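Trainee: Encoded as structure tokens, here's the structure I'll be asking about.
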Amino acid sequence: MSTLAHTVGDSATMLRRNLKHAVRYPSLTVMVIALPVIFLLLFVYVFGGTLGNGLGGVAGGRSAYADYVTPGILLLAMAGAAQGTAIAVAMDMTEGIVARFRTMSIARAAVLTGHVVGAVAQTLLGLAVVVGVALLVGFRPDAGPAQWLAAVGLLTLTAFAITWLSVALGMVPKSVESASNLPMPLLLLPFLGSGFVPTDSMPAWLGWFAEHQPFTPIMETLRGLLLAGQVDGGDAVAAVAWCAGISLLGYLWARRLYDRDPSR
Amino acid sequence: MTTTNFPGAMVEVSGLRKAYRRQVVLDGVDLRVPEATVFALLGPNGAGKTTTVQILSTLIRADAGTVRVAGHDVTAEPDRVRAAIGVTGQFSAVDALLTGAENLRLMTDLRHLGRVEGRRVVDDLLARFDLTEAAGKPVAAYSGGMKRRLDLAMTLVGRPRLIFLDEPTAGLDPRSRRAMWQIVRELVAEGATVFLTTQYLEEADHLADRVALLDGGRLVAEGSPAELKRLVPGGHVRLHFTDAAHLAAAAGLFPAAARHDDDLTLRVPGDGSVSGVRALLDRLDAAGVAVDSLSLHTPDLDDVFLALTGHPTEEKVTA
């Protein structure tokens, strides 16, 4: 068998292992899905009436805010899933079996790839639940099949990027506790962007950051695809570029951390 | 893939050094392990045994020295080394969330054995390690001994030519320990080479063709158990008395003997030969000294260790 076939085969073996873990240790998955659903309900029912009026649209109110906030909640869900991934990876690295994998002739990236593919699948499942609940509480997208497909594609790309980053973050510290804290800043990014309120309502300095951080173009592209029927080309390019950049950085960082001498 | 450049040697180490920051763990170790033999690395806690196994099994890198395992340099060709070895470390390397059978299946998949062959290997190993009944239970519910057996079974998937066992019987009850020894003997009979570390001299004595004594990061002796025992002076006859008066009388007869008042014993140097023992007993009889019991003590590896390092094996070494 060729090296590529081994890499794919070994990664699939690792993926099966991670999926079994997710099924047998579901509390992490449940937490990762419950968190964004709770935030969605909070923002729509508690803040939605007021915030919706502040959007400046024709309709305003709770239903307008449900439309506006859903892409933000989707990114929040991914940031929460990143934390779950970092915890799962950190826990795994403390297990003796990973030391065994290191002494076996298996494709070097397989352990990490298994984590990434498993976590992306888990994240997409979580996002589907969030979209389902959003539809129940007033999210009314106006998108054809092509737009939905593009939105799913962008969400997958984003989940892939954030997951590689969080796999690396899970390996930086030696303890599981520290690993669970490292991805925390990601949870703030939807708030410090266009996730919950338009960036032009912020002070100039914060608005500048909100405009130029990676989550904003992703959320704006999702809004364009699902609600407005048209996408700002600059946002779309920026969104894809951020995803590609973060994926590459996360991948290289994770590989480096996995290959480092554990005695150091 | 040639084996000609290391005729018969599965492990060849020279000048191996490793330090963690300023703490020197291995200070110039040379080793050679011939194929299809059992090699025991013996030493107290902190002597550098686990570090040696970790370097030989490609887990960590050496600071200096050359290490060839199964004919390949561990730094230049780690994957070739990994394909030839199986490692059972000191800490359980099983997946606690999977069942025993799933753990083994994971190994057959990673060794690319294929579906039919994989299933056969899993069933064989479950039966061999007495885990068939527990095969469908999650490993988290296994006892310590069962986990250890599963761990070793996972190491054997793919029939590695060289098997590292880092303190394979630490914490096992005597029966499990003997079962483990039996397995090691079977593996070698099948042609595998076994590199084991242990703190138990008895274990090295029972299993190993060659023993190396590691102390403070250096080899202090190497040879067969018999060769090592020859390094220390002969054994002794241990006499046990029922009262202190007889002990004192006997001690007067043998000035070279070591007297232990607390357990009423006298250790008389001697080689344990029949004529020697008979002469000893004749002298005691002639003096009218009553001996309760006697035992013959030939030097064991404990004596060797003590003689060569100046401290017993139980003592924790801090560098």
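The values are calculated or read from the model by the stated rules, or taken from the named source; none is laboratory data. Predicted, not measured: the structure shown is a model, and the values here were computed from it. All Cβ positions, glycine included, derive from the backbone under ideal geometry; neighbour counts span all protein chains shown. Ligands, DNA and RNA are excluded from the accessible area calculation, which covers all protein heavy atoms including side chains. Shrake-Rupley method; radii C 1.70, N 1.55, O 1.52, S 1.80 Å.
Trainee: Considering region B:23-59 alone, what residues qualify as being farther than 19 Å from B:Val220 by Cβ, within 14 Å of chain A (Cβ to nearest Cβ) and part of a loop (DSSP other than H, G, I, E, B)?
Mentor: Passing the criteria: B:Ser57, B:Thr58, B:Leu59.
Conditions (1) away from chain B (no Cβ under 14 Å); (2) small (Gly, Ala, Ser); (3) not in a helix (DSSP H, G or I), marked per residue:
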residue: A:Arg62; (1), (2), (3): yes, no, no
residue: A:Ala66; (1), (2), (3): yes, yes, no
residue: A:Pro71; (1), (2), (3): yes, no, no
residue: A:Ala82; (1), (2), (3): yes, yes, no
residue: A:Gly114; (1), (2), (3): no, yes, no
residue: A:Leu124; (1), (2), (3): yes, no, no
residue: A:Phe139; (1), (2), (3): yes, no, yes
residue: A:Thr163; (1), (2), (3): yes, no, no
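Trainee: Hey, does region B:112-119 have a residue that's within 29 Å of the chain's Cα centre (by Cα), open to solvent by less than 80 Å² (accessible area, probe 1.4 Å), of a type in the set (A, V, I, L, M) and closer than 20 Å to A:Phe101 by Cα?
Mentor: Taking every residue of region B:112-119 in turn, none turns out to be within 29 Å of the chain's Cα centre (by Cα), open to solvent by less than 80 Å² (accessible area, probe 1.4 Å), of a type in the set (A, V, I, L, M) and closer than 20 Å to A:Phe101 by Cα.
Trainee: Scan region B:84-102 and tell me whether some residue there is part of a loop (DSSP other than H, G, I, E, B), more than 10 Å from chain A (Cβ to nearest Cβ) and either surrounded by fewer than 19 Cβ atoms within 10 Å (Cβ to Cβ) or in contact (Cβ under 8 Å) with a residue 12 or more places away in the chain (or both).
Mentor: Taking region B:84-102 first, the residues part of a loop (DSSP other than H, G, I, E, B) are B:89-98.
From what is left, the residues that are more than 10 Å from chain A (Cβ to nearest Cβ) are none.
Checking region B:84-102: not a single residue is part of a loop (DSSP other than H, G, I, E, B), more than 10 Å from chain A (Cβ to nearest Cβ) and either surrounded by fewer than 19 Cβ atoms within 10 Å (Cβ to Cβ) or in contact (Cβ under 8 Å) with a residue 12 or more places away in the chain (or both).
Trainee: Kindly provide the set of residues from region A:197-224 that are in a helix (DSSP H, G or I) and surrounded by 19 or more Cβ atoms within 10 Å (Cβ to Cβ), ordered by number. Write out each step before concluding.
Mentor: Our first condition is that a residue be in a helix (DSSP H, G or I); within region A:197-224, this holds for A:199-201, A:204-212, A:215-224.
Across region A:197-224, the qualifying residues are A:Thr199, A:Ala210, A:Phe215, A:Thr216, A:Pro217, A:Ile218, A:Met219, A:Glu220, A:Thr221, A:Leu222, A:Arg223, A:Gly224.
Trainee: Could you check, for region B:234-248, whether at least one of its residues is surrounded by fewer than 22 Cβ atoms within 10 Å (Cβ to Cβ), under 27 Å from B:Ile85 (Cβ atoms) and in contact with a Ser or Thr (Cβ under 8 Å, 6 or more places away or on another chain)?
Mentor: Among the residues of region B:234-248, not one is surrounded by fewer than 22 Cβ atoms within 10 Å (Cβ to Cβ), under 27 Å from B:Ile85 (Cβ atoms) and in contact with a Ser or Thr (Cβ under 8 Å, 6 or more places away or on another chain), which makes the answer no.
Trainee: Within region A:17-33, which residues are within 12 Å of another protein chain (Cβ to nearest Cβ) and either outside any helix (DSSP H, G or I) or farther than 15 Å from A:Val89 by Cα (or both)?
Mentor: Those that are within 12 Å of another protein chain (Cβ to nearest Cβ) and either outside any helix (DSSP H, G or I) or farther than 15 Å from A:Val89 by Cα (or both): A:Val23, A:Arg24, A:Tyr25, A:Pro26.
Trainee: Of the residues B:Thr52, B:Thr58, which is surrounded by 16 or more Cβ atoms within 10 Å (Cβ to Cβ), polar (S, T, N, Q) and in contact with a Pro (Cβ under 9 Å, 6 or more places away or on another chain)?
Mentor: Result: B:Thr58 is the single residue among B:Thr52, B:Thr58 that is surrounded by 16 or more Cβ atoms within 10 Å (Cβ to Cβ), polar (S, T, N, Q) and in contact with a Pro (Cβ under 9 Å, 6 or more places away or on another chain).
Trainee: Return the total of residues in region B:61-70 being in contact (Cβ under 8 Å) with a residue 24 or more places away in the chain and surrounded by fewer than 20 Cβ atoms within 10 Å (Cβ to Cβ).
Mentor: Selection size over region B:61-70: 4.
Trainee: While we're looking at this one, here's another question. In this structure, is A:Ser194 assigned to a loop (DSSP other than H, G, I, E, B), hydroxyl-bearing (Ser, Thr, Tyr) and in contact (Cβ under 8 Å) with a residue 40 or more places away in the chain?
Mentor: It is true that A:Ser194 is assigned to a loop (DSSP other than H, G, I, E, B), hydroxyl-bearing (Ser, Thr, Tyr) and in contact (Cβ under 8 Å) with a residue 40 or more places away in the chain.
Trainee: Criterion first (of a type outside the set (Phe, Trp, Tyr), open to solvent by 20 Å² or more (accessible area, probe 1.4 Å) and in contact (Cβ under 8 Å) with a residue 24 or more places away in the chain) does B:Arg230 satisfy it?
Mentor: no
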